[in-house]
Every structure is written in C-alpha cells, then in structure tokens.
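Okay, structure first, notes after.
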Amino acid sequence: MIPTPLRRRTSGGRTWSRKFADAFRGLARAVRTQSSFAVHLGMAGAVVAGGALFRVTAVEWCLLVFAIGLVLMAEIFNTAIESLARAPGSRRHPRFRDALDMASAAVLLAAITAAVIGVIVFGPRMLAVI
C-alpha cells in the first residue's frame, strides 16, 4: 500500500496529520486559556463584519486578513513564551521577564499595526456615513 502524503512520516518522525493535529490543539488551547486571545478573536469578527458591511475591495480584504493574522500569531507566540517561562522547574530570572516583556511588546506592535490598517481601510467609509 502506498502511503498517503498525510500519513507519511516527516524527518522529525511525526506524520503530517499529527503535526496538523498538534497545531490545532495549540490553537484550541490558546482560545480556551487566553482571555486576550478571545478579545483579539472578537475584534477579528468585528473587522470581518465591517468589511462585509462596507464591501471592501479584494486588496483591502488582503490587508485586513493580514492584520488579523499578524495579531493572532503575535498573541500565540506571546502565549508560548509565557508558557515556557512558567514551566515547572523554571526559576525566576530577569531574562524571563525581559522575554515576556518583549513578547508583549510584539503583540502591542501587531495590534497598533492592525489598528492603523483598520483606520486606513474603514476611516474614509465611516466618515462618509457620518
């Protein structure tokens, strides 16, 4: 029997289907355990609704989807670093604090970037409504 691409083992020993399952488990864990991730998902929903309401162009959709993805990815990386820093046996070290602060700063920069993109895309439309 010829193995399907998803069942074939990768160089790391895991199948592609196992890698996808692990990734979705990580995503589900972020959604369940991180209140800030839930806030970002809510904002993403509002952006998608606004895009549909204002009938944004394909290029604007690309910008909005990029901004949403950027913020969600930054939040997941931040969560992963927080998880490592709080692992059992981890001693408190000033570098942990530095890493956590920098990861939080990455989320902040991603959110600011997304907000600027939102203002560029939605600002003129909202002004026209007012």
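The numbers here are math on the coordinates, done by the rules we state, and not lab data. For clarity, every value in this text was computed on a predicted model and none was experimentally measured. Virtual Cβ from ideal backbone geometry, glycine too; neighbours counted across all protein chains shown.
Observations on the structure shown:
- The long axis of helix 58-85 is offset from the longest Cα principal axis of the chain by roughly 40 degrees.
- Sequence-ordered 3J(HN,Hα) estimates for segment 95-112 from the Karplus curve with 6.51, -1.76 and 1.60 and θ = phi - 60° stand at 6, 4, 4, 4, 4, 5, 5, 5, 5, 5, 5, 4, 5, 4, 5, 5, 5, 5 Hz, glycine and proline given as x.
- Rounded to 10°, Cα long-axis angle of helix 16-33 versus longest principal axis of the chain: 60
- Helix-only arithmetic for the chain: the sum of -39500 (n - 2.57) across DSSP H runs with n ≥ 4, divided by the residue total, places the mean residue ellipticity at 222 nm at -28000 deg cm²/dmol.
- When you work out D = kT/(6 pi eta Rh) for segment 85-130 at 10 °C and 1.306 mPa s, using the Kirkwood radius from C-alpha pairs as Rh and the Stokes-Einstein form, the result is 119 µm²/s.
- Full extension of the segment from T113 to R95, taken as 0.36 nm per residue of separation minus the current Cα-Cα distance, would add 3.8 nm.
- With a Förster radius of 35 Å applied to the C-beta separation of T33 and C62, the computed FRET efficiency comes to 0.70.
- Within segment 16-129, the ratio Rg/Rh, alpha carbon atoms throughout and Rh by Kirkwood, equals 1.07.
- In plain terms, the residue of S17, S104 with the fewest other Cβ atoms within 10 Å comes first and the most crowded comes last, giving S17, S104.
- Mean separation of Cα contacts under 8 Å (6+ apart) over length of the chain, as relative contact order %: 24
- The angle separating the long axis of helix 35-54 from the principal Cα axis of greatest extent in the chain is about 40 degrees.
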